[in-house]
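Asks: Sharing a structure, written as structure tokens. Questions coming.
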Amino acid sequence: MNGRFSIAIHIMTLLTKAEGELLSSEFIASSINANAALVRKELSNLRNNGLISSKEGATGGYTLGKDATSIRLSDIYQSVKQQSILGQAKNLPNPACPVGRQINQHLDTLYKEVEDTLTEKLVTKTLAEFTGQFD
């Protein structure tokens with residue numbers, strides 16, 4: 001699993017705490033302690049998914065695209081999800097093997113079950129509720 005979700009939720013929490021104030025990508029990157037280019041890439045992704053808005057220029061920056069009470073943690077997860085949470089094997093199993101010829105279909109079923117469980121949990125919490133944990 002990569003760190004995109006943790007970066008995205010960090011960004012979204014910062015923007016929620018800013019209460020409409022525009023935050024620069026440099027400020028956000030310094031809070032995450034991550035490369036600014038990586039943060040800008042995630043900001044672009046969140047913007048493309050309608051979760052944040054941006055304003056160009058010297059006085060520009062980023063803010064939430066909608067109210068934090070209407071953003072579910074599952075929305076953030078879905079915006080950054082790229083592959084199975086448990087990863088994907090790069091090799092092709094031996095089709096002559098009784099396990100090898102069936103393993104991928106059974107793993108796909110297992111991965112879907114795990115993904116569904118995770119999504120069911122994330123859909124129960126809003127960004128506002130998550131952000132409420134911070135002083």
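Asks: For I28, indicate whether it is under 12 Å from the mean Cα position of the chain (by Cα) and either in a helix (DSSP H, G or I) or among the small types (G, A, S) (or both). Break it down into steps so the answer makes sense when it comes.
Replies: Working: under 12 Å from the mean Cα position of the chain (by Cα): no; either in a helix (DSSP H, G or I) or among the small types (G, A, S) (or both): yes.
Judged against the criteria, I28 is not a match.
Asks: A further question on this structure: Would you call A68 among the aliphatic types (A, V, I, L, M), in contact (Cβ under 8 Å) with a residue 12 or more places away in the chain and within 25 Å of D135 (Cα to Cα)?
Replies: Working: among the aliphatic types (A, V, I, L, M): yes; in contact (Cβ under 8 Å) with a residue 12 or more places away in the chain: yes; within 25 Å of D135 (Cα to Cα): yes.
Yes.
Asks: While we're here: Of everything in the range 43-79 that's of a type in the set (S, T, Y) and in a strand (DSSP E or B), which residue is farthest from K121 (Cα to Cα)? Spell out how you get there, then give the answer.
Replies: Let us first name the residues in the range 43-79 that are of a type in the set (S, T, Y), namely 44, 53-54, 59, 62-63, 69-70, 74, 77, 79.
From the residues that got through so far, the ones that are in a strand (DSSP E or B) too are 53-54, 62-63.
Working: S53: 26, S54: 29, Y62: 28, T63: 26 Å.
Among residues in the range 43-79 that are of a type in the set (S, T, Y) and in a strand (DSSP E or B), the one farthest from K121 (Cα to Cα) is S54.
Asks: So which residues in the range 97-135 are under 24 Å from A68 (Cβ atoms), surrounded by fewer than 10 Cβ atoms within 10 Å (Cβ to Cβ) and either in contact with a Leu (Cβ under 7 Å, 6 or more places away or on another chain) or among the polar types (S, T, N, Q) (or both), if there are any at all?
Replies: From the range 97-135, those under 24 Å from A68 (Cβ atoms) are 118-135; that's our starting set.
Next, from what is left, pick out any that are surrounded by fewer than 10 Cβ atoms within 10 Å (Cβ to Cβ): 133-135.
Passing the criteria: only Q133.
A short reminder: the numbers here are calculations on the coordinates, not readings from a lab. Model, not experiment: these values are computed from the prediction. Virtual Cβ from ideal backbone geometry, glycine too; neighbours counted across all protein chains shown.
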